[in-house]
Amino acid sequence: MDVKVINPFIDAIMNIMPQLGFQNVVKGKLSVGEQFVESKGITVLVGLTDQLRGNIAYNFTEATAMSIASKMMMGMPVATLDDLAQSAISELTNMVTGNAATRFEKDGLRVDISPPSLVVGENFKLKVSSAKFLVVEMIADSLVIELNIGIE
Amino acid sequence: MNKIRVLIVDDSPFSQRLIKDALKESKYEVCGCAGTGSDGIRQYRELQPDLVTMDLTLPDMDGLECCRELLTIDPAGKIVVVSAMKDEAIINRGTAIGVKAFFQKPVKSEALLLGFEQIIAEKGNEAGQQHFLEYFIAAFTKNIIDMTGMDVLSVDHSKIQSVVSHGLGVVIGITGSQQGRIMLDVSMEVAQEFTKKLLGTDVVADEDVYNSISEFTNIIAGHSISEINNVLKAKEFEIRLTPPSIIIGESIAIINPKMTSNTVTAKTAIGSLHMNVGFVGGK
């Protein structure tokens, strides 16, 4: 897998997070994962198909997901990951993946994305359809979003 | 599978013929043709069709007037207008009455089929969801039997909002003209026993289990979507699948906020397999 596939996702986050009210968005650690993505508590899966096939697992702690959801809803307090907060997080990953797909398209790669599946629970892990995947941390106002990108 | 029954209300035998041809070899069947509004109303009461195509210029009344009468009889009626005229005023008036879609003559088969598909797949429309689900249930049971040699003892399904995993879940995204998700969910014990049946061996490693259940899900999804694509016919309405992801863990909630889904449980000699299918409607 070409490491360059992460760039459209990084650019998408850099582009979208400020629109949602985040001030400081930076790239954190980059690594290669093998076999399993260990969930931090909330993991959102979005599938890619057409000229690029794979899965993205967006990984958050519950506290981070709630803080992001709160910011997205213009500061509304979020005490539990209720329906509204779930919908906000799911919409965030949809926006980021959709934005990345548009960037791929500009580079000549047609990409179609699936609706997000929000996976919530304790102690679970995931396989993202490729044995090796790229892991990049994005930090928005000290909140860490981990992207696990597995492309076939 | 029962065909979806369509009543055509149009005074032109030529137009009736074009609509019949457009629906040929599809899951729709024309159950009646009426040449006047009053005959259309009479046949609607008698035949109780699933869908109606309505011309706007009828010898005895205005087509939209006829739509309103039909919707007074049956507020849940699904009517589309197929006429030579299609302008903003017609669409606005028709929509206000409760017409679902507007097509201009000569209507193209693909356009009409996709329009019908979207109407029956409308959110909250149980009939539409049930209809897609049938393809998945057929592929699910057939492949359990074909690939393992086991019988399916019973099949139940229920409509639910969110899924809680039993141990091993395989998620495949659905995209293209329809958006959704299929998920196969089993306990780890059932996954192991099922994999033994699939591979015909007594010992299986975890890796075999993940790969086999994932591929099994991929096959069910592939078969179901191929059948649906055959119905939708045209390339631009094609539905595609994203590759499988696997979720490992118990009591994990899988949530798709915009989706209402159906869980189908198949009981076999080694335990139950759960398949969850949900759509969020067309693009």
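This table checks each residue for (1) farther than 30 Å from A:K4 by Cβ; (2) of a type in the set (K, R); (3) within 14 Å of chain B (Cβ to nearest Cβ); (4) buried (at least 20 other Cβ atoms within 10 Å of the Cβ).
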site	(1), (2), (3), (4)
A:M72	no, no, yes, yes
A:T93	no, no, yes, yes
A:S117	no, no, yes, yes
A:V120	yes, no, yes, yes
A:F133	no, no, yes, yes
A:S142	no, no, no, no
A:E152	no, no, yes, no
Checklist outcome for this item: Result of the Cβ filter at 8 Å on segment A:27-47, keeping first residues that are within 17 Å of A:I151 (Cα to Cα) and partners that are open to solvent by 80 Å² or more (accessible area, probe 1.4 Å), at least 6 apart or interchain, is A:V32/A:K132; A:G33/A:K132; A:E34/A:K132
Checklist outcome for this item: The strands (runs of 3 or more DSSP E) lying entirely within segment A:1-60 that contain at least 1 residues which are facing chain B (nearest Cβ under 10 Å) and crowded, with 23+ Cβ neighbours inside 10 Å are A:42-50, A:54-60
Item to check | Leading residue by the ranking (farthest from the other protein chains (Cβ to nearest Cβ)) among those in segment A:103-115 that are under 19 Å from B:L241 (Cβ atoms) and open to solvent by 30 Å² or more (accessible area, probe 1.4 Å) | outcome: A:L109
Item to check | Flag if A:D83 is over 22 Å from A:K125 (Cα atoms), surrounded by fewer than 17 Cβ atoms within 10 Å (Cβ to Cβ) and within 9 Å of another protein chain (Cβ to nearest Cβ) | outcome: yes
Next on the checklist: Based on this model, can you work out whether A:N99 counts as open to solvent by less than 60 Å² (accessible area, probe 1.4 Å), away from every other protein chain (no Cβ under 14 Å) and within 17 Å of B:T175 (Cα to Cα)?
Outcome noted: yes
Next on the checklist: Go through (1) modelled with pLDDT of 95 or more; (2) surrounded by fewer than 21 Cβ atoms within 10 Å (Cβ to Cβ); (3) closer than 16 Å to B:S272 by Cβ for B:S154 and report which single condition fails.
Outcome noted: (1)
Checklist outcome for this item: Picked from segment B:42-66 (must be within 25 Å of the chain's Cα centre (by Cα) and within 18 Å of B:I91 (Cβ to Cβ)), the residue surrounded by the fewest Cβ atoms within 10 Å (Cβ to Cβ) is B:M54
Checklist entry - Looking at (1) aliphatic (A, V, I, L, M); (2) crowded, with 16+ Cβ neighbours inside 10 Å; (3) at pLDDT 90 or above, which is the one condition that is false for B:A121? => result (3)
Next on the checklist: Checking the condition more than 24 Å from A:R110 (Cβ to Cβ), within 13 Å of chain A (Cβ to nearest Cβ) and charged (D, E, K, R), which residue from B:E250, B:E238, B:E227 passes?
Outcome noted: B:E250
Next on the checklist: When you check A:T80 against the structure, is it outside any helix (DSSP H, G or I), without any contact (Cβ under 8 Å) to a residue 60 or more places away in the chain and within 20 Å of B:S162 (Cα to Cα), yes or no?
Outcome noted: yes
Checklist entry - Looking at this structure, is B:V277 crowded, with 18+ Cβ neighbours inside 10 Å, in contact with a strand residue (DSSP E or B) (Cβ under 8 Å, 6 or more places away or on another chain) and assigned to a helix (DSSP H, G or I)? => result no
Checklist entry - Scanning for something within 15 Å of B:N143 (Cβ to Cβ) and in contact (Cβ under 8 Å) with a residue 40 or more places away in the chain, does segment B:257-265 turn up at least one residue? => result yes
Checklist outcome for this item: The correct count of residues that are within 14 Å of chain B (Cβ to nearest Cβ) and open to solvent by 40 Å² or more (accessible area, probe 1.4 Å) in segment A:61-70 is 1
Checklist entry - Which one is surrounded by the most Cβ atoms within 10 Å (Cβ to Cβ) among residues in segment B:214-224 that are away from chain A (no Cβ under 14 Å) and under 15 Å from the mean Cα position of the chain (by Cα)? => result B:S224
Item to check | Filtered residue count, segment B:244-260, keeping only those that are surrounded by 21 or more Cβ atoms within 10 Å (Cβ to Cβ) and within 21 Å of A:Q35 (Cβ to Cβ) | outcome: 7
Next on the checklist: I need the full set of residues from segment B:179-202 which are crowded, with 23+ Cβ neighbours inside 10 Å and either over 17 Å from B:K267 (Cα atoms) or at pLDDT below 95 (or both), in order please.
Outcome noted: B:G180, B:R181, B:I182
Next on the checklist: Every residue in segment A:138-148 that is in contact with a strand residue (DSSP E or B) (Cβ under 9 Å, 6 or more places away or on another chain) and farther than 13 Å from A:V44 by Cβ, please.
Outcome noted: A:M138, A:I139, A:A140, A:D141, A:L143, A:V144
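The values are calculated or read from the model by the stated rules, or taken from the named source; none is laboratory data. Keep in mind it's a predicted model, so treat the numbers as computed, not measured. Neighbour counts run over all protein chains shown; Cβ positions are idealised from the backbone, glycine included. Heads up: the accessible areas ignore ligands, DNA and RNA and are worked out on the full protein's heavy atoms, side chains in. Shrake-Rupley method; radii C 1.70, N 1.55, O 1.52, S 1.80 Å.
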